[in-house]
Amino acid sequence: MTEPKKLFIKTYGCQMNVYDSERMAEALGGQGYVETQSPDDADMILLNTCHIREKAAEKVYSELGRYKGLKAAKPDLKIGVAGCVAQAEGEEIMRRQPLVDLVVGPQSYHRLPEMEAKAGQGVKALDTDFPEEDKFEKLKSRPKAKRGPSAFLTVQEGCDKFCAFCVVPYTRGAEVSRPAGRILDEARDLVERGVREITLLGQNVNAYHGAGEGGDWGLARLIWALSEIDGLARIRFTTSHPNDMDDALIEAHGTCDKLMPYLHLPVQSGSDRILKRMNRSHTRDDYFRLIDRMRDARPDLHLSGDFIVGFPEETDQDFEDTLDLIRRVEYGSAFSFKYSTRPGTPAAERAQLPEDVKDERLQRLQGLLTEQQRRLQDAMVGKTVGVLFEKTGRLPGQMVGKSDYLHAVHVAAEGVVPGELRQVKIVESGPNSLKGELI
Ligand code: SAH
Ligand code: SF4
Ligand code: F3S
């Protein structure tokens with residue numbers, strides 16, 4: 001028997017990349033690859049990259065530089081770049097780093113096995129097309145490997161929104177939704193393999209409009225159909241755009257038991273002037289009204305968001321408006337970033353703010369968000385929540401899982417196995433996690 005070849009995949013960026021990396025590993029399994037945790041013994045290295053901010057893109061080149069020694073020692077080592085940097089920079093990557101054998105954009109992963117074979121014959125391969133065919137349908141999985149309790153499932157890709165700062169519409173292309181039937185099949189397959197919680201993914205997941213029985217389905221309809229799968233206990237989705245939260249989806253938060261009371265709903269800024277300059281096509285009041293409706297439907301909802309500070313032309317007052325929005329909404333968690341200039345996007349052409357102003361604003365904003373996060377986490381003490389157990393903890397008999405609100409929870413739970421969903425009373429709130437007791 002031939003030794004299996006070893007594949008090392010390093011994933012950057014968003015959860016959609018995590019999902020894509022899993023699918024690529026499965027597809028390359030058909031070429032005789034098994035995954036390894038280190039590049040040192042790999043026969044193929046694949047970087048699944050992110051282009052969202054300058055630093056993310058630069059990381060790729062410094063990581064590639066580190067592989068020089070490995071390639072010199074093992075000339076038939078194949079090195080590939082996938083993901084959004086691959087899409088944005090294409091051939092430029094091979095020019096800047098000649099040890100790269102293949103470059104594959106996010107919509108061409110089903111062609112990866114072919115490209116790998118080509119690279120094996122010493123031919124460099126590049127594919128950054130946006131083909132018509134459904135890559136996930138062509139990316140057949142390996143036979144049923146057991147899975148952890150929680151899984152991602154991409155249902156929608158691409159973005160038509162063109163926020164003035166963002167590269168995603170260029171790297172991922174136009175919005176495309178997968179047919180509902182295929183998503184349901186994949187979900188059933190995941191559940192058979194041990195999955196109890198599915199997070200539906202899309203760059204604009206709530207713009208989902210896939211072909212289904214009787215016509216196009218929205219995300220709410222898809223969630224209801226998924227909720228009928230026995231053994232699937234929890235459904236989440238991310239990332240949503242405020243303009244695509246329709247009535248059916250808001251209502252589902254109040255009525256679908258399997259849909260978790262947690263919503264990631266980025267707003268980016270609290271200033272109407274900046275929202276307009278960002279081309280977000282909603283105002284801060286639109287956002288407040290939407291949050292009110294969400295909380296009417298689901299009073300115990302936790303919100304999470306994304307914020308950009310130091311967008312071109314952001315004044316002190318604009319920034320204060322963002323802090324004010326955050327105070328009014330109260331977030332359970334959030335991601336915040338300094339604006340990063342992305343070549344080819346409209347905002348890159350505008351006058352930029354000094355770095356120290358961005359730094360100072362980011363610090364203040366993160367201070368406020370951390371306070372809120374802490375307050376909501378502390379407020380869990382004394383409450384009873386569902387916890388889906390994922391792995392053993394550091395102490396004997398201890399298990400760690402995720403609450404309905406995505407808090408990590410440590411519980412003395414002798415005999416409980418990963419994949420069990422139990423009711424837990426929260427007794428303590430630590431720096432990054434909660435402690436609870438089984439009830
Ligand atoms: N589709 C999602 C998220 C896309 S990227 C959405 O619309 O919310 C994730 C986050 O990265 C964005 O929400 C934004 O906050 C941040 N981001 C995108 N482009 C950026 C840039 N040029 N500089 C800084 N942050 C950026
Ligand atoms: Fe980027 Fe805006 Fe699209 Fe989100 S909605 S992916 S931030 S362009
Ligand atoms: Fe990054 Fe591409 Fe995701 S740019 S955030 S990996 S869609």
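Listing for the model above:
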| item | result |
| --- | --- |
| Listed residues Gln317, Gly148, Val176: farthest to the positive end of the dipole of the chain (Cβ charges) | Gly148 |
| Potential extension, Ala248-Asp230 segment - 0.36 nm per residue separation minus Cα distance | 4.2 nm |
| Accessible solvent surface per residue of the chain, calculated while the other protein chains remain in place, 1.4 angstrom probe, Å² | 44 |
| Given charges at beta-carbon only (K, R positive; D, E negative), |dipole| of segment 144-259 in Debye | 600 |
| Fraction of accessible area attributable to carbon and sulfur, segment 62-157 (%, probe 1.4 Å) | 50 |
| Estimated FRET transfer efficiency when R0 is 22 angstrom, pair Lys68-Glu114 (beta carbons, to 0.05) | 0.25 |
| Built amide H within the under 5 Å cut-off of Leu259, gap 5+ | Ile235 |
| J(HN,Hα) series, segment 383-400, from Karplus relation 6.51 cos²θ - 1.76 cosθ + 1.60, nearest Hz, glycine and proline x | 8, 10, 10, x, 10, 9, 6, 10, 7, 7, x, 7, 7, x, x, 8, 10, 10 |
| Orphan Cys of the chain, criterion: no other Cys C-beta under 4.7 Å | Cys14, Cys50, Cys84, Cys159, Cys256 |
| Under 5 Å, built H, 5+ apart or other chain: amide partners of Gly419 | Phe389, Glu390 |
| Long pairs among Lys10/Lys138; Lys78/Lys135; Lys146/Lys258; Lys10/Lys161; Lys6/Lys391; Lys10/Lys383, criterion Cα-Cα beyond 32 Å | Lys10/Lys383 |
| Carbon plus sulfur fraction of accessible area for segment 384-438, probe 1.4 Å, in percent | 50 |
| Euclidean distance between Cα centres, segment 197-246 to segment 327-365, Å | 30 |
| Under the Karplus curve 6.51 cos²θ - 1.76 cosθ + 1.60, θ = phi - 60°, whole-Hz ³J(HN,Hα) for segment 233-240, x wherever Gly or Pro sits | 9, 9, 10, 9, 8, 6, 9, 9 |
| Helix-only mean residue ellipticity at 222 nm for the chain, each DSSP H run of n ≥ 4 adding -39500 (n - 2.57), per residue, nearest 500 | -10000 deg cm²/dmol |
| Centroid-to-centroid separation of segment 284-301 and segment 16-57 [C-alpha atoms, Å] | 38 |
| Solvent-accessible area, 1.4 Å probe, carbon plus sulfur percent, for segment 261-379 | 48 |
| Difference of contour (0.36 nm per residue) and Cα-Cα distance, Lys10 to Gln423 | 145.1 nm |
| In range of the label at Asp296: residues from segment 233-250 whose backbone nitrogen is under 15 Å from the point 7 Å along Cα→Cβ | 246-250 |
| Kirkwood Rh in Å, taken over all unlike Cα pairs in the chain | 23.3 |
| Debye, to nearest 20: dipole size of segment 384-438, +1 on Lys, Arg Cβ, -1 on Asp, Glu Cβ | 100 |
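The values are calculated or read from the model by the stated rules, or taken from the named source; none is laboratory data. This is a predicted model, so every value here is computed, not measured. Here Cβ is always computed from backbone atoms with ideal geometry, including for glycine, and neighbour counts include all displayed protein chains. Protein only, heavy atoms only, side chains kept; ligands, DNA and RNA dropped before computing areas. Shrake-Rupley method; radii C 1.70, N 1.55, O 1.52, S 1.80 Å.
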